[in-house]
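These notes are about the structure you will find just below.
Bear in mind these aren't lab numbers, they're just calculated from the coordinates by the rules spelled out. None of the values given here were measured: they were computed from a predicted structure. Because the Cβ atoms are built from the backbone with ideal geometry, glycine has one as well, and the counts that use them run over all protein chains shown.
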Amino acid sequence: MVERTSLAVRDLAVHFEMEQGTVRALEGVSFDLHAGRTLGIVGESGCGKSVTARSILRIVDRPGRIVGGQALLDPGTAEEADLIAMDPESRRMRGIRGGRIGLIFQEPMTALSVHYTVGNQIIEAVRAHNDLSKAAARDRAIELLREVGIPRPELRIDAYPFQLSGGLRQRVGIAMALAGDPDIVIADEPTTALDVTTQAQVLDLLRRLQREKNIALMLITHDMGVIAEMCDEVAVMYLGRVVEYAPVADLFTTSRHPYTRALLRAVPSILATPRQRLATIGGAVPHPGARPSGCAFHPRCSDFMPGRCDAASPAPLRPGEAGASCFLEAQP
Amino acid sequence: MNVLEVSDLKKHYPIHAGLLRREVGRVRAVDGVSFHIAQGETLALVGESGCGKTTVSRCILRALAPTSGSIRFDPGQGETVDLATLPKRALRPLRRHLQMIFQDPYSSLNPRMMVGDIIAEPLRVNGVPAAERHARVLELLDLVQMPAVARTRFPHAFSGGQRQRIGIARALALNPRLVVADEPVSALDVSVQAQIINLLLDLQDRLKLSMLFVAHDLSVVRHVSDRVAVMYVGRIVEVAPTDALYRTPRHPYTETLLAAVPAPDPMRRGRQMKASGDVADPAKPPPGCAFHPRCPYAQDRCRVERPELTEVAPGRWASCHRAQEIELAGVA
């Protein structure tokens, strides 16, 4: 199955210059997003999943700085453009942000202003990316609200965000992300703040919209259940690197990186037996500023090989190829 | 023997409006909740946000004064007391028997106190001599699997999981009769969450803890609790032993909740979504059964007559008119 590659991220590196020294938040991250497919990015806090999203959109906050790599829009075509090479304030980047690439936040209230009605904000987003009159933009906004399953959108358009439930707010957040008719959508923990029945509805909505619009979806989450439910391929991140990349079914049945295996065993399951204990990973995720030598996972790894894993980093994964960045894999 | 017996607990908040601030309605945050916790038992209170589970726990701790109902508590001295009506003064000596584990391990520990002092604080307040305190702190640190040297360090030196261990040690310092844990693992990363879940399981076994475990994550609840009470809009809709509740739910809301949890298994993808709409507003709950607007099994009777919580099988209670006639799907 070969779909159009919408975005190719290559060797993305982001550093945060702190008083205590340089924190390497991303260390050479590569992956592809394909039209009509969902890439899951999973990992624990500090693994760099959100920084990856923000780098692509060029909204990394200081003191963060992109120090290397590319994010190629429409790679291999005549229109290929490197987002990392662009001026983040440029007209072009602004057009891409929200236009080609939509962003869905974890807590829609961070994306929505409390001072304006939902309608005002969506209309503004619609007009930022389309040459429409106010009246036409309002019609489009109502249509967007209907598309994301908001009942009676012609009334809700005049509501303020605080008048809506968490689930409806996230639907508004999704409508905002779709206002510029993007073909790439980055969703950063889109259902983490929602209740489980609402989460199921929002995931369903994302799936439907993706199908209808053939969107390339990048879904960032810490929840292995959401990954299993939604994704085609999965990139597992640990301390700024992709440590494993796999089709979703393989990830859950034959994961290859010790971290992925340990993580899957540590996830509480709705199918657990009473008082079932979980396999644990020793220690905690180190601070990215105190990255261990060699393979960053080696101090917590059950398959740690002294003199090898702590001495050198395993080779990074080649984008699009399933595998693990681990010395247990055949190294090229 | 029951450590706690809650009956017909209500917590209403008046809604005032108009020039004279007359009471125009009531938010029935908790509206007639009854349950018990046996010695050595962990009861989970689950439900979506706004269902009243945290309000119940706060009433038990008397951080809130209940509107009506009783909370019979056995402090282990032969006589039970009603926490619902006890004056604040009389509550003081009881507090040592009733401890709490908090959700956020970052805000629940005083950053200016050394860990040893944090854990010793409840001992000091209750007049335990300094020499005994020292020994007890070491014992508690060992119990929560922390090194003894942690005693002389400040909370900031520890990760979220370690801080949660410190919070648990503090809660256990006085051998409480009942521990109320409100979302104790929901702020933690997966790998750390697994460690704390295992620790709680160990402590339940070793100390025969009695615990009220308030949580929204049904997977976590399946691992740690003996029985589960499901709340919806201020009322308990189902109570059952954990495994029975998950395998064969007897209330349609329980079925809906279970079906909405994404299982970490791509083979189970795309289960049927049954819940439509949002959680009802506790200020104006629907007439009859509060769940009827979202219930796929609702009949005319459900729209007018409120079902009572009744025993549908030995040890299993549900408040559904149709509990005996409908067949509900669980998760095996």
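Given only helices, namely DSSP H runs of n ≥ 4 each adding -39500 (n - 2.57), what is the per-residue ellipticity at 222 nm of chain A, to the nearest 500 deg cm²/dmol?
-8500 deg cm²/dmol
Of B:ARG235, B:ARG124, how do they rank once you tally other Cβ atoms within 10 Å and put the fewest first?
In increasing order of surrounding Cβ atoms, one gets B:ARG124, B:ARG235.
Please state, to two decimals, what the Cα-based radius of gyration of chain B comes to when divided by 2.2 N^0.38 Å (N = residues).
The value comes to 1.06.
With the radius of gyration and the Kirkwood radius both derived from the Cα set of the range B:30-128, what is their ratio Rg to Rh?
0.98
Could you give log10 I(q)/I(0) at q = 0.17 Å⁻¹ for the range B:190-323, computed by the Debye formula over C-alpha point scatterers of equal weight, without solvent?
-1.00
Once label points are set 7 Å from the Cα along Cα→Cβ at both B:SER107 and B:LEU86, what is their separation, rounded to one decimal in nm?
Between B:SER107 and B:LEU86, the simple spin-label model gives 2.7 nm.
Over the range A:12-75, what is the relative contact order in percent, taking alpha-carbon pairs closer than 8 angstrom and at least six residues apart?
For the range A:12-75, the relative contact order is 46 percent.
Can you work out the PRE-style zone for A:ASN120? Point 7 Å along Cα to Cβ, and I want the residues of the range A:151-180 with backbone N under 14 Å.
A:157-163
Neighbouring Cβ atoms within 10 Å as the yardstick, rank A:SER293, B:SER210 fewest first.
In order of increasing Cβ crowding within 10 Å: A:SER293, B:SER210.
So for chain B: antiparallel DSSP bridges make up what percent, rounded to the nearest 5?
Beta bridges within chain B, antiparallel portion: roughly 65 percent.
For the charge dipole of chain B, defined by +1 on Lys and Arg C-beta atoms and -1 on Asp and Glu C-beta atoms about the Cα centroid, which residue among B:PRO252, B:SER225, B:ALA157 has the Cα displaced farthest towards the positive pole?
The listed residue farthest towards the positive side: B:ALA157.
What list of ³J(HN,Hα) values in whole Hz, one per residue of the range B:286-303 in order, does the Karplus curve 6.51 cos²θ - 1.76 cosθ + 1.60 (θ = phi - 60°) give from phi, with Gly and Pro shown as x?
So the J values, rounded to whole Hz, are x, x, x, 6, 4, 8, 4, x, 10, 8, x, 10, 5, 10, 3, 4, 5, 7.
Cα to Cα, under 27 Å, and not fewer than 8 places away if on the same chain: which lysines meet these conditions relative to A:LYS213?
A:LYS49, A:LYS134, B:LYS274
Per DSSP helix of 4 or more residues, -39500 (n - 2.57); summed, then divided by the residues of chain B. What does that give at 222 nm, rounded to the nearest 500?
Using -39500 (n - 2.57) per qualifying helix, the result is -8000 deg cm²/dmol.
Normalise the Cα radius of gyration of the range A:1-160 by 2.2 N^0.38 Å (N = residues in it) and let me know the number.
Compactness ratio reported: 1.20.
With no solvent and one point on each alpha carbon, what is the Debye value of log10 I(q)/I(0) for the range A:265-332 at q = 0.27 Å⁻¹?
For the range A:265-332, the Cα-only Debye profile gives -1.18.
Enumerate the amide H contacts of B:VAL3 below 5 Å, restricted to partners 5 or more residues apart or on another chain; note that Pro and chain-start residues carry no placed amide H.
B:ILE37, B:ALA38, B:GLN39
Could you state the number of Å between the C-alpha centres of the range B:246-270 and the range A:192-256?
18 Å
Order by neighbour count: A:THR198, B:THR67, fewest other Cβ atoms within 10 Å first, most last.
B:THR67, A:THR198
Once amide H atoms are built 1.01 Å from N in the peptide plane, which residues 5 or more positions from B:ARG235, or in another chain, come under 5 Å H to H?
Distant-sequence amide H within range of B:ARG235: B:ASP31.
What share of the DSSP beta bridges in chain A is antiparallel, in percent to the nearest 5?
Roughly 60 percent of the beta bridges in chain A run antiparallel, per DSSP.
Search the structure for amide H atoms under 5 Å from the amide H of B:THR310, placed 1.01 Å from N in the peptide plane, and list their residues when 5 or more places away or on another chain.
So B:THR310 has HN proximity to B:ALA318, B:SER319, B:CYS320.
What FRET efficiency do you get for A:THR273 and B:GLU132 if R0 is 25 Å and r is their Cβ-Cβ distance, rounded to the nearest 0.05?
0.05
Over the protein assembly as shown, what is the percentage of antiparallel beta bridges among all DSSP beta bridges, to the nearest 5?
60 percent
Taking θ = phi - 60°, what integer Hz values does the Karplus form 6.51 cos²θ - 1.76 cosθ + 1.60 yield along the range A:233-246, in sequence order, with x for Gly and Pro?
Here the 3J(HN,Hα) series is 10, 9, 10, 9, 10, 9, 6, x, 9, 7, 9, 8, 9, 7 Hz.
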